[in-house]
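Engineer: Once you've had a glance at the structure underneath, I'll fire off some questions.
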Amino acid sequence: MARRSDHTRDELRRMALDAARAIVEEDGLRGLSTRRLAKAIGYTPGTLYQLFSDLDELIIEVNIETLDALYAACKSVDFDRGPEEALLDLATRYIAFIGQQPKLWNALFEHALPESKQQPNDYNQRVFRLLGLAEQALSPLFPGDGMSASHEARVLWSSLYGIASLASSNKMSEAETPEAMVRSLVTNYVAGLRATQISSDQLPEA
């Protein structure tokens, strides 16, 4: 085993996170254990507990980095093309990322904290930042109504999660593709929102 003095604390944290990500990429979250991780970086399990309070904290850090990577893949969407095109681009990038990193994406949803713990603010901020992209795409449909845009972004994102889950678990019909389902979802969802807005605008004033 290497001595602790061989690396700084920051270096050890980086080594542990990189090794954890590699394990998850290969075997999924279930393949990750303190013992396996310690062996991968050449240190004892006790060293890991000097770097992270527990395995949950380490997994959260890995998941935060996955959310950062997903955001980086999605943030350059051209929102000036209109809600439908922006959402299609955003959803396509999301699906493509999952296709490239399915086990890391699954880890975001497989990891559950004990009831006594809450996700840290850093994690929640990453989630809100991603949802913010969908809200930005939808905002032209809800001028001056940020709450509605936020709600619809979450509804749409939840639906997209369902498609992504089927695709990542190979449970999608052979007659379908994630891309085709995403296009149908976004096109019909935006059309429905537009129709609802038009109907609301045509209602007589009380």
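Engineer: So is LEU88 touching a residue at least 24 places away in the same chain (Cβ under 8 Å), in a helix (DSSP H, G or I) and not assigned by TED's automatic domain parsing to the domain that holds LEU133 or not? Give the steps one after another, and end with the answer.
Structural biologist: Working: touching a residue at least 24 places away in the same chain (Cβ under 8 Å): yes; in a helix (DSSP H, G or I): yes; not assigned by TED's automatic domain parsing to the domain that holds LEU133: no.
So LEU88 fails the test.
Engineer: Continuing with this model, one more query. Specify which of the listed residues (GLN125, GLN119) is in contact with a helix residue (DSSP H, G or I) (Cβ under 8 Å, 6 or more places away or on another chain) and in the same structural domain as ILE59 (by TED's automatic domain parsing). Working first, answer last.
Structural biologist: Details: GLN125 fails: in contact with a helix residue (DSSP H, G or I) (Cβ under 8 Å, 6 or more places away or on another chain).
When all the criteria are applied, what remains is GLN119.
Engineer: Six or more apart or on different chains, Cβ atoms under 6 Å: show the pairs whose first residue is in segment 19-46 and within 17 Å of LEU104 (Cα to Cα) and assigned by TED's automatic domain parsing to the domain that holds GLU61 and whose second is modelled with pLDDT under 95 and surrounded by 18 or more Cβ atoms within 10 Å (Cβ to Cβ).
Structural biologist: Partner pairs satisfying both residue conditions: none exist.
Engineer: Tally up the residues in segment 34-72 that are under 21 Å from GLU115 (Cα atoms) and small (Gly, Ala, Ser), please.
Structural biologist: Matching residues across segment 34-72 total 1.
Engineer: In this structure, does VAL77 turn out to be more than 30 Å from ASN188 (Cβ to Cβ), out of contact with any His (no Cβ under 7 Å at 6 or more places or on another chain) and β-branched (Val, Ile, Thr)?
Structural biologist: When the stated conditions are applied, VAL77 does not pass them.
Engineer: Which one of SER173, SER150, SER184, SER169 is closer than 24 Å to ASP27 by Cβ and either surrounded by fewer than 19 Cβ atoms within 10 Å (Cβ to Cβ) or in the same structural domain as ALA73 (by TED's automatic domain parsing) (or both)?
Structural biologist: Sole residue among the options that is closer than 24 Å to ASP27 by Cβ and either surrounded by fewer than 19 Cβ atoms within 10 Å (Cβ to Cβ) or in the same structural domain as ALA73 (by TED's automatic domain parsing) (or both): SER169.
Engineer: Residue check: is GLU84 more than 19 Å from ALA19 (Cβ to Cβ) and among the acidic types (Asp, Glu)?
Structural biologist: Here the answer is yes, as GLU84 does meet what is asked.
Engineer: So, one more: Count, please, the residues in segment 68-85 that happen to be farther than 30 Å from SER33 by Cβ and in a helix (DSSP H, G or I).
Structural biologist: Residues meeting the conditions: 7.
Engineer: Tell me, yes or no, whether segment 136-155 has at least one residue that is hydroxyl-bearing (Ser, Thr, Tyr) and closer than 17 Å to THR92 by Cα.
Structural biologist: Step one: list which residues in segment 136-155 are hydroxyl-bearing (Ser, Thr, Tyr), which gives 139, 148, 150.
Now drop any that are not closer than 17 Å to THR92 by Cα, which leaves none.
For segment 136-155, residues hydroxyl-bearing (Ser, Thr, Tyr) and closer than 17 Å to THR92 by Cα: absent.
Engineer: What is the one condition in (1) surrounded by fewer than 17 Cβ atoms within 10 Å (Cβ to Cβ); (2) touching a residue at least 24 places away in the same chain (Cβ under 8 Å); (3) under 15 Å from the mean Cα position of the chain (by Cα) that LEU130 does not satisfy?
Structural biologist: (1)
Engineer: What are the residues in segment 31-56 that are surrounded by fewer than 16 Cβ atoms within 10 Å (Cβ to Cβ), within 27 Å of GLN125 (Cβ to Cβ) and of a type outside the set (Ser, Thr, Tyr), if any?
Structural biologist: GLN50, ASP54, ASP56
Engineer: Quick check on segment 50-63: of everything there that is of a type in the set (S, T, N, Q) and more than 12 Å from the chain's Cα centre (by Cα), which residue is nearest to LEU29 (Cα to Cα)?
Structural biologist: The selected residue is SER53.
Engineer: Just to be sure I understand, how many residues within segment 76-110 are closer than 25 Å to ARG194 by Cα and under 13 Å from the mean Cα position of the chain (by Cα)?
Structural biologist: Count: 5.
Engineer: Here is a list: THR66, THR47, THR8. Which entry is among the β-branched types (Val, Ile, Thr) and under 21 Å from the mean Cα position of the chain (by Cα)?
Structural biologist: On the way: THR47 fails: under 21 Å from the mean Cα position of the chain (by Cα); THR8 fails: under 21 Å from the mean Cα position of the chain (by Cα).
Checking each option against the conditions leaves just THR66.
Engineer: Restricting to segment 137-154, count the residues that are over 12 Å from VAL190 (Cα atoms), within 17 Å of the chain's Cα centre (by Cα) and not hydroxyl-bearing (Ser, Thr, Tyr).
Structural biologist: Selection size over segment 137-154: 1.
The values are calculated or read from the model by the stated rules, or taken from the named source; none is laboratory data. Keep in mind that what you see is a predicted model, and the values were worked out from it rather than measured. Ideal geometry is used to build each Cβ from the backbone, glycine not excepted, and the neighbour counts take in all protein chains shown.
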